[in-house]
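J.: Here it is, the structure, as structure tokens.
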Amino acid sequence: MPIRVLTDEVASKIAAGEVIERPASVVKELIENAIDAGASSVAVQVRQGGRRLIRIADDGCGIPADEVELAFARHATSKLQTIEELSHIHTLGFRGEALASVAAVSQVTLLTRADGSEVGVRLRLEGGRVVRREEAGHPRGTTISVENLFYNVPARLKFLKRDTTERKHIDKLVTCYAMAYPQIRFSVENDGRLTFRSPGSGSLHDVLIEVYGLDNAQAMLEVGDREAQGAIQVWGYVSRPDTHRATREYITLFVNGRWITDRGLSFAVEQAYHTLLPVKRHPLAVIQVALPPEEVDVNVHPTKSEVKFQRRDAVFRAVQRAVRELLIAESPIPQVSRSAADWGAGGRAGWSERHGVLVGASAAQPAMNLVPERREGQAFLPEMPRPAEEKLPPLRVLGQLAQTYIIAEGPEGMYLVDQHAAHERVIYERLRAQQAQAKVPVQRLLEPLVVELTPGQAQELEAWLPSLLDLGIETEPFGGNTVLVRSVPAVLARVDIRQALTSMLDELAVGQEPMAEERDAWLAAAACKRGAVKAGQTLSMEEMRGLIDQLEGSVSPRTCPHGRPTMILLSQGWMEREFGRR
Ligand code: ADP
Ligand code: MG
């Protein structure tokens, strides 16, 4: 094919593709414009995951009537004139590309009134071309409606995910900007329902409550100092070491008010938790970094979501130090050994009394209070457990170690059984059998429980509603993201239901979407994780015997529903070798 210059139409659609990948990209660009315009309130409305409509209304400075057409021209911006200015840019936008790109691939209606103008203007564009312009009333500020995104780019349209997925991206994005700009009031309305609102009080903690829920927000620690002197400032919130997540998705980073992704910087946050978090678990963190604009290049990525630091190492160190110092100062490293008061009848109620799942005894007996060796210092290699299906030999319970492991003797040697994993296995198999017969025992709550969810959790709840109901979790909408819980499966009868439900929904949100036929198993495993006895709970000898008996009766006693081992074996042979007996 001979070389030809692309027509404007084709070129502009290709260029738009760089910036506008999905509905959330539109939301990002329009929110950035609103922030640059000095808005104190940004309202986002979305229909059908944003493919039908995205409307963003702000109360910023507005666009002067004689500039509205220009705003949609490519490389037209009010934020930059010379290339030198790019090195110390203070606004989120600077390329003058976004509105042109959005308009090229959708139908846009702009309504705006600038400071000092009596009357506003309405401009309608289709595929980037102005089709109508008229005077119109509007409060000071700008409302942009983007309809039928990619209506003229079928190739792009095909790649859009389900509405709920696109919605999730939008929610994530708005919540991130709400965290970066706590002084701005953000709201999101999804298909007519208000799903997120930040108060605009200026306090990041207030926003965290809306985004992560009250419990999680309260479990976070304030990090760094916004007012600190020095070229690099770091501030925000991070979770205590006992609150963690399965993915890195909950580490949110901002550089000079810009939401960015940076694996290295995320890693710096995680490193600060070194040895404080369980393996493969990640913290929640919202970290703001401020540094002189000339030290960061924001013009390295089409969507401006990555930046380049002049002094990369210094930025990492500053972040890591701020988080590490806080963690060391504020949160005691979890101790496995307990004080004497935690043990015995005078202490807490027996676990079985509270859970009523195993045998009846409640007076917890003192057990061996040994401090296990740390993982890094592991002095021996435990023998691999046998294939999961193999039945257990008869085990004799000797005691409890660190309120976490059951010590038992078997024909081959000594077994350390993880009490949580073992109990998970036992109740999981029971629950699966009950699910198969549609006979899950259900506990109706005397009083329905009001549970406030985050937008993300509410969305998961909706997606999982039928399966949750099959499991015995009956909920009912109660306005906004609040639900009433009316019943729960018996396995969850004695746990903190609010906590169990919200953490299950969080887990579902970050997990790979399971195939339809696996959904019940997934939910059952998630419920059993909450319902099972925890590490750190004292068990009586009788309770431990009861648990081991039930484990012996399980189909796959050697792993928990999540695939981790329930026990390790220290064989006779290994002990003899270690003691130099042979
Ligand atoms: P950029 O943000 O890089 O300048 P855009 O294409 O996003 O480019 O916007 C073009 C121009 O339109 C901006 O420079 C700004 O002057 C104006 N503009 C866009 N959105 C708004 C808004 N919400 N309020 C006020 N002015 C806006
Ligand atoms: Mg912009």
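J.: When the gyration tensor of the chain is built from Cα positions, what are the square roots of 5 times its three eigenvalues, in whole Å, from largest to smallest?
T.: Details: eigenvalues 569, 147, 97 Å².
Value: 53, 27, 22 Å, ordered largest first.
J.: Hey, can you find the accessible area per residue of segment 219-330 for me, probe 1.4 Å, expressed in square angstrom?
T.: Values: 5320 Å² over 112 residues.
Roughly 47 Å² per residue, with all protein chains present.
J.: Percent of Cα-Cα pairs more than 23 Å apart in segment 194-303, please.
T.: Working: 1930 of 5995 pairs.
Counting pairs separated by more than 23 Å, the tail of P(r) holds 32 percent.
J.: What do you reckon, how do Glu166, Glu542, Glu447 stack up by accessible area (1.4 Å probe), largest on top?
T.: Values: Glu166 0, Glu542 95, Glu447 140 Å².
Per-residue accessible area, sorted high to low, gives Glu447, Glu542, Glu166.
J.: Could you tell me how many cubic angstrom of Cα convex hull volume segment 252-312 has per residue? Numbers along the way, then the final one.
T.: Numbers: hull volume 5.3 nm³, N = 61.
Per-residue hull volume (Cα only) is 88 Å³.
J.: Oh, and also: What span do the alpha-carbon atoms of segment 539-582 cover on each of the three principal axes, reported in whole Å from largest to smallest?
T.: If we take the Cα atoms of segment 539-582, the spans are 36, 26, 16 Å.
J.: Using only the alpha carbons of segment 8-198, determine the length spanned along each of the three principal axes and report them from longest to shortest in whole angstroms.
T.: The principal-axis extents, from largest down, are 42, 41, 38 Å.
J.: Subtract the Cα-Cα distance of Val10 and Arg263 from 0.36 nm times their separation in residues, and report this length gain in nm to one decimal. Numbers along the way, then the final one.
T.: Working: separation 253, 0.36 × 253 = 91.08 nm, distance 3.45 nm.
Working it through step by step, the gained length comes to 87.6 nm.
J.: Something else about it: Please give the contour-minus-distance gain from Glu412 to Val130: 0.36 nm per residue of separation, less the Cα-Cα distance, rounded to one decimal in nm.
T.: Working: separation 282, 0.36 × 282 = 101.52 nm, distance 8.17 nm.
Computed gain between Glu412 and Val130 is 93.4 nm.
J.: From the P(r) of segment 123-194, can you give the percent of Cα pairs sitting at distances over 13 Å? If you can, show how the numbers build up before the last one.
T.: On the way: 2014 of 2556 pairs.
Counting every Cα pair in segment 123-194, those more than 13 Å apart make up 79 percent.
J.: Calculate the spin-label point distance for His301 paired with Arg396, positioning each point 7 Å from the Cα along the beta-carbon direction, and give it in nanometres.
T.: 6.2 nm
J.: Hey, what angle do you get for helix 519-531 against the long axis of the chain, alpha-carbon based, 0 to 90 degrees rounded to 10?
T.: Compared with the principal axis, the helix lies near 60 degrees.
J.: Oh, and also: Suppose each label sits 7 Å from its Cα in the direction of the beta carbon; what would the Lys172-Val119 distance come out to in nanometres?
T.: Each label point lies 7 Å from its Cα, and together they span 4.5 nm.
J.: Sticking with this one: Compute the relative contact order of segment 8-198 as a whole-number percentage, counting only Cα pairs closer than 8 Å that sit 6 or more residues apart in sequence.
T.: Details: 408 pairs, mean separation 51.7, N = 191.
Averaging sequence separation for qualifying contacts and normalising by length gives 27 percent for segment 8-198.
J.: If you don't mind, another one. At a Förster distance of 51 Å, what's the computed FRET efficiency of Gln271 paired with Arg577, Cβ-Cβ distance as r, to 0.05?
T.: 0.85
J.: Separate question: Could you order the peptides 11-18, 209-216, 95-102 from most to least packed, using the average number of other C-beta atoms within 10 Å per residue? Display every interim value, and only then the final one.
T.: On the way: 11-18: 17.4, 209-216: 20.5, 95-102: 22.1.
So the peptides 11-18, 209-216, 95-102, ranked by packing, come out 95-102, 209-216, 11-18.
J.: Next question. Just add up the charged neighbours of Val300: K/R +1, D/E -1, any other residue whose Cβ is under 9 Å from the Cβ of Val300.
T.: Values: positive: Lys304, Lys308; negative: Asp297, Glu306.
Neighbourhood net charge equals 0.
J.: Using Cα pairs closer than 8 Å and at least 6 residues apart in sequence, work out the relative contact order for the chain, in percent. Present the calculation step by step, with values, prior to reporting the outcome.
T.: Working: 1122 pairs, mean separation 64.5, N = 582.
11 percent.
The values are calculated or read from the model by the stated rules, or taken from the named source; none is laboratory data. Note that this is a predicted model, so its numbers are computed, not measured. Note that each Cβ is placed from the backbone with ideal geometry, even for glycine, and that neighbours are counted across all protein chains shown. For accessibility, only protein heavy atoms count, side chains too; no ligands or nucleic acids. Shrake-Rupley method; radii C 1.70, N 1.55, O 1.52, S 1.80 Å.
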